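Enquirer: Mind looking over this structure? Questions follow.
Throughout, read-outs are computed from the coordinates displayed, never taken from laboratory work. Remember, it's a predicted structure, so these values are computed and weren't measured experimentally. Because the Cβ atoms are built from the backbone with ideal geometry, glycine has one as well, and the counts that use them run over all protein chains shown.
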């Protein structure tokens, strides 16, 4: 007569883990079955009865028990070598797909898609997608970059970033630029409002009703913005805006102005005026480095929040909307915090130059 299989010995912590897996709705179904089987075995239930209750063979139950006795929960859920679903795509084919993605192009096109690669390699699009996802390859995406060729790049970088990270005392640091050609666009048909289950809509075509230029100076410390809408962006308008900055900044403070290399900012008349205003200090960003000017970040937020979805029947209506956004911004300003050090930026630029030189040589 065969003796009954003894109850499986479980420690308290092991039982708690198995109970959690047995109740789980997110664990693999095979792991849930195994956890349920081991718990029943611990209660002294026979293997055949466990097999019926869990829905597997008695051989599987016996194998699980023996593996638990040897290994405990150390490798619970791991698939043993030789078990599980066999790969249908050979390593050679995977390597071929990866090489083609990185070093080749489909005829007449600039990059691969899942379907074009699948057709070229004789596999399914889902297979190509899994291979790309596993290796973080994204042929459909491209990022733009620009490395400055300014001979004084490092000098200007240290100057500007130094103002952000260590602003001088008894002074205000302003990040300034112009956003030109802001268009007063009127849609050709009325827009539909947002409602439950449907986003707001607007026509893709529009009527142009004129333009304006926004001069803006962002206070790096507070996030407040001095702004003025002017019809053009010549040195005449720039001087007018500088005079407004001079009026609005308290007389006891020095003014450090960060701006780009636009010729208007270096006009002879501007230089003559600045020579008579000793509290103004101009700091120019390197060429092709607009990302270094924090007001550009503010312009992006301004465009998204106040302009992109706007409908303006005239330039005065556009200017009124801009002034309303400036007022709202200054009532509850949020500064943009610069965190990158000069060493971090220079290291990244050097890596970019090395990579670029490797490609071009």
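Enquirer: What percentage of all Cα-Cα pairs in segment 91-134 are separated by more than 12 Å?
Expert: Across segment 91-134, Cα pairs with separations above 12 Å total 54 percent.
Enquirer: If you average the C-alpha positions of segment 272-304 and of segment 58-77 separately, how far apart do those two centres end up, in angstrom?
Expert: Going from one Cα centre to the other spans 68 Å.
Enquirer: Can you compute the modelled spin-label distance between residue 194 and residue 46, with each label point 7 Å from Cα toward Cβ, in nm?
Expert: For the pair residue 194/residue 46, the computed spacing is 6.5 nm.
Enquirer: Over the chain, what relative contact order in percent results from Cα pairs under 8 Å that are six or more residues apart? Spell out each step's value before the answer.
Expert: Working: 407 pairs, mean separation 52.6, N = 361.
Across the chain, relative contact order equals 15 percent.
Enquirer: Then there's this: Please state the relative contact order of segment 12-71 as a whole percent: Cα pairs under 8 Å, 6+ residues apart?
Expert: Numbers: 45 pairs, mean separation 14.8, N = 60.
Relative contact order here is 25 percent.
Enquirer: If one computes the Cα centroid of segment 216-230 and of segment 1-46, what distance in Å separates the two points?
Expert: Centre-to-centre (Cα) distance: 67 Å.
Enquirer: Considering the alpha-carbon set of the chain alone, what are its Rg and its Dmax in angstrom?
Expert: Over the chain's Cα set, Rg and Dmax evaluate to 33.4, 112 Å.
Enquirer: With a 10 Å radius around each residue's Cβ, average the other Cβ atoms per peptide and rank 31-41, 140-150, 58-68, highest first. Don't jump to the answer; show the numbers that get you there.
Expert: On the way: 31-41: 21.6, 140-150: 9.6, 58-68: 16.9.
The packing order, highest mean first, is 31-41, 58-68, 140-150.
Enquirer: Using Cα atoms only, what is the angle between the long axis of helix 125-134 and the major principal axis of the chain, expressed in degrees (0 to 90) to the nearest 10?
Expert: Long axis of 125-134 versus the principal axis of the chain: about 80 degrees.
Enquirer: For helix 58-71, what angle does its Cα long axis make with the longest principal axis of the chain, in degrees from 0 to 90 and rounded to 10?
Expert: Compared with the principal axis, the helix lies near 70 degrees.
Enquirer: Compute the FRET efficiency between residue 206 and residue 305 as 1/(1 + (r/R0)^6), taking r as their Cβ-Cβ distance and R0 = 25 Å, and round to the nearest 0.05. Mind showing how you got there, number by number?
Expert: On the way: r = 19 Å, r/R0 = 0.76.
Plugging the Cβ-Cβ distance into 1/(1 + (r/R0)^6) gives 0.85.
Enquirer: Now for a separate question. Quick one: if you stick a label point 7 Å off each Cα along the C-beta vector at residue 24 and residue 90, how many nm between them?
Expert: Spacing of the two 7 Å Cα→Cβ label points: 3.6 nm.
Enquirer: Shifting gears a bit: Report, in deg cm²/dmol and to the nearest 500, the calculated mean residue ellipticity at 222 nm for the chain, where each DSSP H run with n ≥ 4 adds -39500 (n - 2.57) and the sum is divided by the residue count. Numbers along the way, then the final one.
Expert: On the way: 13 runs with 159 residues, N = 361.
Only helices count here, giving -13500 deg cm²/dmol.
Enquirer: Quote the FRET efficiency, to the nearest 0.05, computed for residue 268 versus residue 336 with a Förster distance R0 of 45 Å and r equal to the Cβ-Cβ distance. Could you put the intermediate results ahead of the total?
Expert: On the way: r = 33 Å, r/R0 = 0.73.
Working from the Cβ atoms, E equals 0.85.
Enquirer: May I ask what percent, to the nearest 5, of DSSP beta bridges between residues of the chain are antiparallel? Don't skip to the end; give the middle numbers.
Expert: On the way: 19 of 29 bridges.
Of those bridges, close to 65 percent are antiparallel.
Enquirer: On to the next question. Expressed as a rounded percentage, what relative contact order does segment 91-134 have, with Cα pairs under 8 Å and six or more residues apart?
Expert: In percent, rounded to a whole number, it is 33.
Enquirer: Work out, step by step, the length gained on full extension between residue 277 and residue 180: first 0.36 nm times the residue separation, then minus their alpha carbon distance; give nm to one decimal. Present the calculation step by step, with values, prior to reporting the outcome.
Expert: Numbers: separation 97, 0.36 × 97 = 34.92 nm, distance 2.63 nm.
Stretched fully, the residue 277-residue 180 segment lengthens by 32.3 nm.
Enquirer: Give the separation of the Cα centroids, segment 96-117 to segment 158-179, in Å.
Expert: Between the Cα centre of segment 96-117 and that of segment 158-179, the gap is 46 Å.
Enquirer: Relative to the longest principal Cα axis of the chain, at what angle does helix 235-248 sit, 0 to 90 degrees, rounded to 10?
Expert: 80 degrees
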